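For reference, the structure is listed below as structure tokens.
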Amino acid sequence: MRAAVVTSFGGPESVRIVPAEVPEPGEGEVRIKVAAAALNPVDAAVREGVFGGAGRTLGLGWDVAGVVDAVGPEVSAVPAGPAGAAAGWGVGDEVVALQYGMIKPLGTHAEYVVVPADAVTRAPRTADAVRAATLPLNALAAARALDLLDPAPGSSLLVTGAAGAVGGYAVQLAALRGVKVTGLARQGDEEFVRSLGAADFVSGEPAAGGFDAVLDAAVLGGRAVSWARDGGAYAGLIPTAVPAAERGVRVAGVEVTADGARLAELVRLVDEGRLTLRVAGTFALDDAVKAHARLAEGGVRGRLVLVP
């Protein structure tokens with residue numbers, strides 16, 4: 001098969017498409033024939049060497065949508081998806097999954113990928129594979145951030161980067177909880193951010209101490225902490241770069257896990273029309289360098305998706 005990897009760190013040009021052995025599923029694992037896989041900022045960070053791994057071949061890609069192609073031993077005993085779903089996975093099942101890991105020999109930017117069976121759930125009925133591939137990492141990150149903040153219904157939440165992939169999901173998920181959301185984004189994004197459920201919108205500097213909680217999808221750090229009230233809460237997307245606490249503000253960083261059951265809940269919201277999937281563009285797997293170059297240009301709304 002073909003796979004996108006990096007063998008030396010650098011810019012988009014360091015991404016290579018190489019031949020690789022088709023991986024075999026082990027105990028409790030399934031193999032997915034990849035139909036689509038999103039490109040995320042974390043992939044650029046891996047490419048640049050942020051997480052280490054010098055001297056090794058590093059696979060790229062976390063999100064996957066596709067079809068179960070093979071199953072390993074004991075998979076039939078693994079619960080699959082929400083209550084009422086069939087127990088286990090079979091060849092031909094259409095699924096989405098998250099393959100966690102910064103340092104791994106193969107990622108989802110490939111023709112086949114092996115993942116733990118409990119990382120998998122049924123694909124949305126209402127979306128094709130390209131759109132579905134934009135869901136796992138970003139929606140799970142938004143959901144986990146809200147878990148950490150635990151905003152009460154009626155409380156005020158500022159979401160930075162509200163027009164971005166994680167921020168957009170965060171606005172919708174928080175609004176569904178009955179939270180009063182203010183979205184921080186560029187002025188031209190106001191109509192879109194409000195359409196996601198934001199009650200208010202800001203494009204400049206928010207009021208210091210003006211919010212019960214801040215979900216910092218734009219990774220602004222200390223500036224964003226200052227916008228939480230005394231004794232409020234802050235959640236950032238990079239666990240190793242959580243800013244210092246101040247004024248009694250509780251700070252935390254999001255650790256995303258490959259959670260098929262939680263992903264099933266998010267798929268249900270997609271099928272109910274409550275979560276919006278956004279594709280900024282598609283690229284062939286062979287054009288992964290071009291996709292990384294487009295991501296590096298910035299201003300992407302939604303996710304770029306690679307299609308083998």
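The values are calculated or read from the model by the stated rules, or taken from the named source; none is laboratory data. Note that the structure is predicted; figures quoted are calculated from it, not measured. Backbone-built Cβ (ideal geometry, glycine too); neighbour counts: all protein chains shown. Heavy atoms of the whole protein, side chains included, go into the accessibility calculation; ligands, DNA and RNA do not. Shrake-Rupley method; radii C 1.70, N 1.55, O 1.52, S 1.80 Å.
Taken over region 1-28, the criterion of being open to solvent by 40 Å² or more (accessible area, probe 1.4 Å) and within 21 Å of the chain's Cα centre (by Cα) is satisfied by no residue. For region 239-249, which residues satisfy the criterion of being at pLDDT below 90 and touching a strand residue (DSSP E or B) at 6+ places or on another chain (Cβ under 6 Å)? Scanning region 239-249 gives a single hit, 239. For region 268-303, enumerate the residues that are buried (at least 21 other Cβ atoms within 10 Å of the Cβ), hydrophobic (A, V, I, L, M, F, W, C) and not in a helix (DSSP H, G or I). Within region 268-303, 275, 277 meet the criteria.
Scanning region 235-263 for residues that are open to solvent by less than 10 Å² (accessible area, probe 1.4 Å) and more than 15 Å from residue 169 (Cα to Cα) yields 249, 260.
Which one is most open to solvent (accessible area, probe 1.4 Å) among residues in region 210-221 that are under 23 Å from the mean Cα position of the chain (by Cα) and not charged (D, E, K, R)? So, considering only residues that are under 23 Å from the mean Cα position of the chain (by Cα) and not charged (D, E, K, R), the one most open to solvent (accessible area, probe 1.4 Å) is 219.
If the condition is being in a loop (DSSP other than H, G, I, E, B), of a type in the set (D, E, K, R) and within 23 Å of residue 230 (Cα to Cα), then region 151-190 contributes only 177.
Condition first: open to solvent by less than 10 Å² (accessible area, probe 1.4 Å) and aliphatic (A, V, I, L, M). Now tell me which residues in region 130-139 satisfy that.
132, 133, 135, 139
In region 240-260, the residues that are without any contact (Cβ under 8 Å) to a residue 40 or more places away in the chain and under 26 Å from residue 107 (Cβ atoms) reach residues that are open to solvent by 60 Å² or more (accessible area, probe 1.4 Å) and assigned to a loop (DSSP other than H, G, I, E, B) with C-beta atoms within less than 7 angstrom, at least six apart or across chains, in these pairs: 253/238.
Hey, among 202, 300, which residue is without any contact (Cβ under 8 Å) to a residue 60 or more places away in the chain and more than 18 Å from the chain's Cα centre (by Cα)?
Answer to the check: 202.
Among the residues of region 191-209, those that are surrounded by 13 or more Cβ atoms within 10 Å (Cβ to Cβ) and in a loop (DSSP other than H, G, I, E, B) comprise 196, 197, 198, 199, 203, 206, 209.
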